1. Quick one: how many residues across the range 59-81 are surrounded by 22 or more Cβ atoms within 10 Å (Cβ to Cβ) and modelled with pLDDT of 95 or more?
2. Looking at (1) in contact with a helix residue (DSSP H, G or I) (Cβ under 6 Å, 6 or more places away or on another chain); (2) more than 17 Å from residue 91 (Cα to Cα), which one does residue 256 not meet, given that it meets all the others?
3. I'd like to check which helices (runs of 4 or more DSSP H) are fully inside the range 276-362 and have at least 1 residues that are over 17 Å from residue 128 (Cβ atoms).
4. Can you name the number of the only condition in (1) surrounded by 14 or more Cβ atoms within 10 Å (Cβ to Cβ); (2) part of a loop (DSSP other than H, G, I, E, B) that residue 48 fails?
5. Considering the range 227-255 alone, what residues qualify as being among the hydroxyl-bearing types (Ser, Thr, Tyr) and at pLDDT 95 or above?
6. At least 2 residues that are within 30 Å of residue 88 (Cα to Cα) and in contact (Cβ under 8 Å) with a residue 40 or more places away in the chain in each: list the helices (runs of 4 or more DSSP H) lying fully within the range 131-238 that qualify.
7. Pick out the one residue from 163, 81, 126 that is on the phi > 0 side of the Ramachandran plot, in contact with a Gly (Cβ under 8 Å, 6 or more places away or on another chain) and of a type outside the set (Asp, Glu).
8. Check residue 95 against each of (1) open to solvent by less than 40 Å² (accessible area, probe 1.4 Å); (2) assigned to a loop (DSSP other than H, G, I, E, B) and name the one condition it does not meet.
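The values are calculated or read from the model by the stated rules, or taken from the named source; none is laboratory data. Only a predicted model underlies this, so the values are computations on that prediction, with no experimental measurement involved. Ideal geometry is used to build each Cβ from the backbone, glycine not excepted, and the neighbour counts take in all protein chains shown. Side chains included, ligands, DNA and RNA excluded: accessible areas come from the protein's heavy atoms. Shrake-Rupley method; radii C 1.70, N 1.55, O 1.52, S 1.80 Å.
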Amino acid sequence: MEGTDEATVRAAVESGDPLPGTTGFAGRLDDALVRDVLGRYPLFVESAVDGTVTGDDWSSDPTELDDPDSFPAGHVRDADGTREVWSLPDPDPFSDRETAVEAVRDAVETSIDAVDVDGLAIAFSGGVDSALLAARLDAPLYVAGFPDSHDVEAARSAAELLGRDLRVVELTHDAIERAVPGIVAATGRTNAMAVQIALPLYLTAERVAADGFDRLALGQGADELFGGYAKVAKAPEDPRVDADTVRGAQREVVATLPDQLSRDVLTLRAAGVEPVTPLLHDRVVSAALRLDDRMLVDGETRKWALRQAALGSLPEAVAMRDKKAAQYGSLAARELDRLARRAGYKRRMDDHVTQYVESLVE
């Protein structure tokens, strides 16, 4: 069982509690397979196997199976079949903004402060999520990006404000071409977006492992939980979400986490490190799900409650700073596209970057 002890998971199955105070879990429990409601650990089963699975029919690593299917988050599989045991709770929002900020601050600080720093490094982009980790954990900071990238510049300025040293993982075209086959082999994904997202993670993790660390702390989950996406902030006008409220859109993007986290965990493990994600602890999730529209997005300020909570740990200039998604902030997406076009995969072609990725692993 990955993530927590079996007694806690067994109690969660019996009670139906989706957020029993863990960082997630997945694996075998007695004669059943289980995976937590957010899918924070990957779990796969052989597609051809029905009913109870044996030790050879499931794995946390899809490369160990002949025809792996991702096991659905929030489900249990035993002799009686596969059934959903946990779903995201839908609690009433906090009664007022001050209470909300205090609850978020307590959940975030408690979860980060509980992290063991032995063998730990921090993936640091200079945004509020990773800056909270940097401010509260005594571990080295790493940023990946091309020399003129937004993330490298933002991380340097934020590290200076925090009085911390920063190690820069300089991305190159050679590094991208070398990394792509490893990412595809680990994740089984060749689509352009998945590879673009995974590239800075993989190359950061490679450097971290080479420097002697075996764990990498990340601010994963904060954008989904606290309203960091433009499509959430613009609900219901944004066609990328179905919800008619910001809070409803938040729940939509939280539901995408199992697929995203599986990709990221497999990417990081392939590069030699284990991810540490304190902002995905159940206590943080519980607090985030009680935020109303304006606690998530206030005017032009996304992640309002998290930013207000972060002011207890960070300078205002860092707590309120906007950031770009890693694939764009690092310029990994731009440069992968450039490599594809140089190799003859032009933008007029259907999904030209994916075609290029596939060519690298043929």
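1. The total comes to 2.
2. (1)
3. So the answer is 282-288, 293-296, 326-329, 332-342, 352-361.
4. (1)
5. Result: 245, single match.
6. Of the helices (runs of 4 or more DSSP H) lying wholly inside the range 131-238, those with at least 2 residues that are within 30 Å of residue 88 (Cα to Cα) and in contact (Cβ under 8 Å) with a residue 40 or more places away in the chain span 173-187, 192-210, 222-226, 230-233.
7. That would be 81, the only listed residue that is on the phi > 0 side of the Ramachandran plot, in contact with a Gly (Cβ under 8 Å, 6 or more places away or on another chain) and of a type outside the set (Asp, Glu).
8. So residue 95 meets the others, but not (1).
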